[in-house]
Amino acid sequence: MSAEPESEPDTTPPAHSGAPAPGSAQAPRDAVWTIPNALSVLRLLGVPLFLWLILQPAFHGPHLDGWAILVLAVGGLTDYLDGKIARAMNQTSKLGAVLDPAADRLYILATLVGLAWREIIPIWLVVLLVGRDVLMSIPLAVLKRHGYGALPVHFLGKAATFNLLYAFPLLLLGDGHNALNDVAGAIGWAFAIWGTTLYWLAAGLYVVQVRQVVREDAARA
């Protein structure tokens, strides 16, 4: 993804802009028309399409789950490619740093809504995942109050997202009564449990990083 490191980032507090220092190899730029950004926009456009596809049976329409899974697969592929291309072609950008996680969260939210509406997943899983994002607004508000932007996404958060993006199509594929559905559902739940656990661990790590930034900011004051 376009602005996220493959390995654990340095915990040194960022500049007040929330971005790496200008002139560094990883400094995000103001570029808009980049390949990674185009892939992120494509992923965003897939969100309403996915919702329309997955909710058809809920409104007495045809089952289009195969197409819904294809949209999720394309979203996962673009999620992988935009980061690789951004790093390989030095096309990281400030817009990409916003678009990329926004697309991830919207895909997760849309999939949760669709699967819960179809009663494929329980409400408690929706509460766990959505509640985590709601609670994360608190450390983000603390950073903003101290003049910082969002910290770089940790690899743990990326691992959580990948687990969840694998879990959802498998859970959708598991909506049936044959052997293939049973196997897909079991694997999907394994990914969902790991993804949810990592999602909350990543949130805890983010809070620790925010506390470190705030303490070091206070020590310099």
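The values are calculated or read from the model by the stated rules, or taken from the named source; none is laboratory data. This one's a predicted model, so the numbers in the text were calculated from it and none came from an experiment. Positions of Cβ are backbone-derived with ideal geometry, glycine not excepted, and every protein chain shown enters the neighbour counts. Each accessible area value is taken on the protein alone, full model and side chains, heavy atoms only, with ligands, DNA and RNA left out. Shrake-Rupley method; radii C 1.70, N 1.55, O 1.52, S 1.80 Å.
Counting pairs of Cα atoms in segment 135-221, how many percent are more than 19 Å apart?
Values: 1937 of 3741 pairs.
Beyond 19 Å sits 52 percent of the P(r) for segment 135-221.
If one takes the longest principal axis of the Cα atoms in the chain, at what angle in degrees, from 0 to 90 and to the nearest 10, does the Cα axis of helix 65-88 lie?
Long axis of 65-88 versus the principal axis of the chain: about 20 degrees.
Run the accessible area of the chain with a 1.4 Å probe and give the carbon-and-sulfur part as a rounded percent. Present the calculation step by step, with values, prior to reporting the outcome.
Details: 8340 of 11790 Å².
That fraction is 71 percent.
May I ask you to list the residues of segment 132-158 whose amide nitrogen lies under 11 Å from a point 7 Å from Cα along the Cα→beta-carbon direction of Ala116?
Within reach of a label on Ala116: 132.
Measuring with a 1.4 Å probe in the full set of protein chains, what accessible area per residue, in whole Å², belongs to the chain? Walk me through the numbers on the way to the answer.
Values: 11790 Å² over 221 residues.
Dividing the accessible area of the chain by its residue count gives 53 Å².
Work out, in µm²/s and without decimals, the Stokes-Einstein translational diffusion coefficient of the chain at 25 °C, 0.890 mPa s, Rh from Kirkwood over C-alpha pairs. Intermediate results must be reported in sequence, preceding the final value.
Numbers: Rh = 18.5 Å.
Value of D from the Cα-based Kirkwood radius: 133 µm²/s.
Take every Cα-Cα distance within segment 33-87, group them into 10 Å bins from 0 onward, and report for each bin the whole-number percent of pairs it holds.
In whole percents, the pair-distance histogram is 25, 42, 22, 9, 1.
Between Val183 and Leu140, how many nm apart are label points set 7 Å from Cα along the C-beta direction?
4.0
If I stretch the segment between Leu70 and Leu109 completely, what's the gain in nm (0.36 nm per residue apart, minus their alpha carbon distance), one decimal?
Numbers: separation 39, 0.36 × 39 = 14.04 nm, distance 1.75 nm.
Contour length minus the Cα-Cα distance gives 12.3 nm.
Add -39500 (n - 2.57) for each DSSP H run of 4 or more in the chain, then divide by its residues: what number comes out at 222 nm, to the nearest 500 deg cm²/dmol? Don't skip to the end; give the middle numbers.
Values: 7 runs with 151 residues, N = 221.
Theoretical 222 nm ellipticity from helices: -24000 deg cm²/dmol.
What are the lysines whose alpha-carbon lies under 19 Å from the alpha-carbon of Lys84, with same-chain residues fewer than 8 places away excluded?
Partners found: Lys94, Lys158.
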